[in-house]
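The values are calculated or read from the model by the stated rules, or taken from the named source; none is laboratory data. Just so you know, these numbers come straight off a predicted model, no measurement behind them. Reconstructed Cβ throughout: ideal geometry from the backbone, glycine too, with neighbour counts over all protein chains shown.
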Amino acid sequence: MATTVTLQDSMTREPREVSPIDGETYRFYCCGPTVYGPAHIGNSRTFVGQDTFRRVLECAGIATKHVRNVTDVDDKTIRESQAQGQTLGDFTKHWKDKFSADCVALNMLEPHIEPGAVDHIPHQVRMIEALIEKGNAYEKEGSVYFSVKSFPGYGRLSRVADRELKPGAAQTANDSDEYDKDSLADFVLWKGRKPEDGDNYWHSPWGEGRPGWHLECSAMSLEYLGETFDMHSGGVDLMFPHHENEIAQSECCSGTTFAHHWFHITHLLVDGGKMSKSLGNFYTLADLEEKGYTPEELRYVYLSGHYRHHLNFTLDSLLASRQAMNRLSRFEKSLAERAQTSKVPDYETARQAGEAGPFQPAFEALCRDLNTPDALGKIFTAIKSIDTKTLSQPIAAKLYQQYHFILAALGLQLLEKEENREDIPKEIKAMAEERWQARSAKEWAESDRLRDELSEAGWLVQDGKEGYTVIRK
Ligand code: AMP
Ligand code: ZN
C-alpha cells in the first residue's frame, strides 16, 4: 500500500517524510534497555512506540532493519551485579531474558539485531583510536575523554547551547555515564580501571578499563547500520547528553551525518507524576499482571496516547482499555462468525494482505506522525458503521482481513487476549453476570449484595456504559 509516512524529527522539530535513504530498507537504531533490573512501564512505552512505528512502516510497504542494543556494561550494571555477588555476564543475562519475555508479552516484533556492548569492546576501542588520531579525544590518567569543544555541532539536537548551564561546569572532564543534565562536560570514552569495577575490565592501548556508555551505541550502530543510517530513537531523556554525545563521536569519526531522523518518545507518568519506588507507584509488567491486568491492556493504554505527549498512566486507564478492547473483540468475533473462520492471521499474513478498506482513515492517522489515539478513534467510527449481521460470507471475509491489517499495524491482539482471561472461575463469572442483571433492573440492594460477595471472594467489578469487567483485587 503506497501511503506516505511522516514523523516528527526531533532534530529539525518538523514532521518529515520517512523513506529509506538507500531506496530499499529503512535502517533504524533504538537505544535498548540497561539490564540491571526489571524494565518499568515507562521503558516499555518507549519500546512499544518504536515497535508500532516499525509495524506502520512495514504495513505501508517499507522494509525495515531494526537494531536495538542491550546495555550490559555501564556504571549501573557493574554496581548492581556486585551488590548481588554475581558475575556481570550472569547478572545481565538474567535481566535481559526477563526483558525479552516482557517484549514477547507486549507483542513487540523482535528486532532484527540485538547486540550487547560487552561483545563489541574491540569496535569501541577502534573508534576511540580514530577519535584520538583526529584530535577529538585525549587521554588523561588511563581514561580517554571526548573534547566537546572539538565538535562545533555539539548541542544541535538538544539545543543545549541555548540552555542555562551550570557556571564552571563547562569543559570539564566527567567520568560518570549519566551526568548532571545541566553541565556541558567532556565525556568519557574509555574509563581507566577502578577498584570498584572488580573483574569488569578489558585491555586497551590506554591500559585496563572499560568503555563509556555513550560510545557503545555509536560503535554498535556503526557495525550494523553503517556510518550513516535512517533513524535513531529513544526516550526523550536520552536526547541530552546520550544522543548528543553519540552524534559527536560518530560524526567526528565518519565525517558524515550520523542519523537522518531522530525519533524521541515522551515519558510516561504515573498518577500525574514521575514514577518512583518511594511513592509506591513504580510498576513493572509483572506488578500489573499480579493485579489481574494483561500485557495487551497495557499495550492498549500506550496506544491511547500520542507518543509526543506525556502519557498519564493510572490503573483506571487499564480498565478503560479493557472495555475498549472488549468492544473490538466483540466486533472481531461477529465478523469471524459471518466469515466462517476461526483463524487469527499472524502478523506477516495480516500485513501482507496490504489493505485497510474501511479502516484506511485509521491507517492514515498512523502514517501521520504515528497518531495512535486518532487511529483508535477512527477504528471505532468504522466499526459503528458496520452491521456485521447483514454481511455475506465473502464480504465478511474481506473485512476480517482488513480489520486484521489495522490490528497488525497497531500490534493489538484480541482473541488471544480473551483466552488469557479464562482464569476467572465459572462461579465468579456467574455471580458477576447475576449482579449485572440486577443492576440493569435497578435492583440496587441485590446488586450491592452481590458486589460485596464478589469482593469477599477477592474480585472487583467495574461497571461501564455497555457492560462490566471483573478483575482480581
Ligand atoms: P534504560 O533502561 O534506563 O536505558 O531506558 C530504556 C529506555 O526507556 C530509554 O529509551 C529511555 O529513554 C526510556 N525511558 C525511561 N524512562 C521512561 C519513561 N518514564 N517513559 C518512557 N520512556 C522511558
Ligand atoms: Zn544509545
Restricting the search to the stretch 324-351, which residues are in contact with a Phe, Trp or Tyr (Cβ under 9 Å, 6 or more places away or on another chain) and part of a helix (DSSP H, G or I)?
Ala324, Met325, Arg327, Leu328, Phe331, Glu332, Leu335, Ala336, Arg338, Ala339, Ala350, Arg351
Any residue at all in the stretch 354-369 that's assigned by TED's automatic domain parsing to the domain that holds Phe331 and at pLDDT below 95?
yes
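The rows are residues; the columns are (1) within 25 Å of Leu407 (Cβ to Cβ); (2) without any contact (Cβ under 8 Å) to a residue 24 or more places away in the chain; (3) within 16 Å of ligand 2 (Cβ to nearest atom).
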| position | (1), (2), (3) |
| --- | --- |
| Gln8 | yes, no, no |
| Arg13 | no, yes, no |
| Tyr26 | yes, no, no |
| Cys31 | no, no, yes |
| Gly49 | yes, no, yes |
| Lys65 | yes, no, no |
| Ile78 | no, no, no |
Somewhere in the stretch 265-284, is a residue in contact with a strand residue (DSSP E or B) (Cβ under 7 Å, 6 or more places away or on another chain) and within 16 Å of ligand 2 (Cβ to nearest atom)?
yes
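Within the stretch 362-378, identify whether any single residue is of a type in the set (Ser, Thr, Tyr) and within 30 Å of Pro15 (Cβ to Cβ), and answer yes or no. Outline the logic, then answer.
Initially, the stretch 362-378 is screened for residues of a type in the set (Ser, Thr, Tyr), giving 372.
With the extra rule that they be within 30 Å of Pro15 (Cβ to Cβ), the set shrinks to 372.
Yes, that holds for at least one residue.
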Given the residues Thr34, Thr46, Thr25, which is the only one that is assigned by TED's automatic domain parsing to the domain that holds Asp102, more than 8 Å from ligand 1 (Cβ to nearest atom) and among the polar types (S, T, N, Q)?
Thr25
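Would you point out the residue of the stretch 36-47, among those that are more than 16 Å from ligand 2 (Cβ to nearest atom) and touching a strand residue (DSSP E or B) at 6+ places or on another chain (Cβ under 7 Å), that is farthest from Lys76 (Cα to Cα)? Outline the logic, then answer.
Residues of the stretch 36-47 that are more than 16 Å from ligand 2 (Cβ to nearest atom), as a first pass: 37-38, 40-42, 44-45.
Add one more test, that the residue is touching a strand residue (DSSP E or B) at 6+ places or on another chain (Cβ under 7 Å), and what stays is 38, 40-42, 45.
Details: Pro38: 13, His40: 16, Ile41: 19, Gly42: 18, Arg45: 21 Å.
Among them, the one singled out is Arg45.
Could you pull out the residue among Glu80, Glu110, Glu58 that is touching a strand residue (DSSP E or B) at 6+ places or on another chain (Cβ under 8 Å) and outside the structural domain of Asp287 (by TED's automatic domain parsing)?
Working: Glu80 fails: touching a strand residue (DSSP E or B) at 6+ places or on another chain (Cβ under 8 Å); Glu110 fails: touching a strand residue (DSSP E or B) at 6+ places or on another chain (Cβ under 8 Å).
Glu58 is the lone residue from the list that is touching a strand residue (DSSP E or B) at 6+ places or on another chain (Cβ under 8 Å) and outside the structural domain of Asp287 (by TED's automatic domain parsing).
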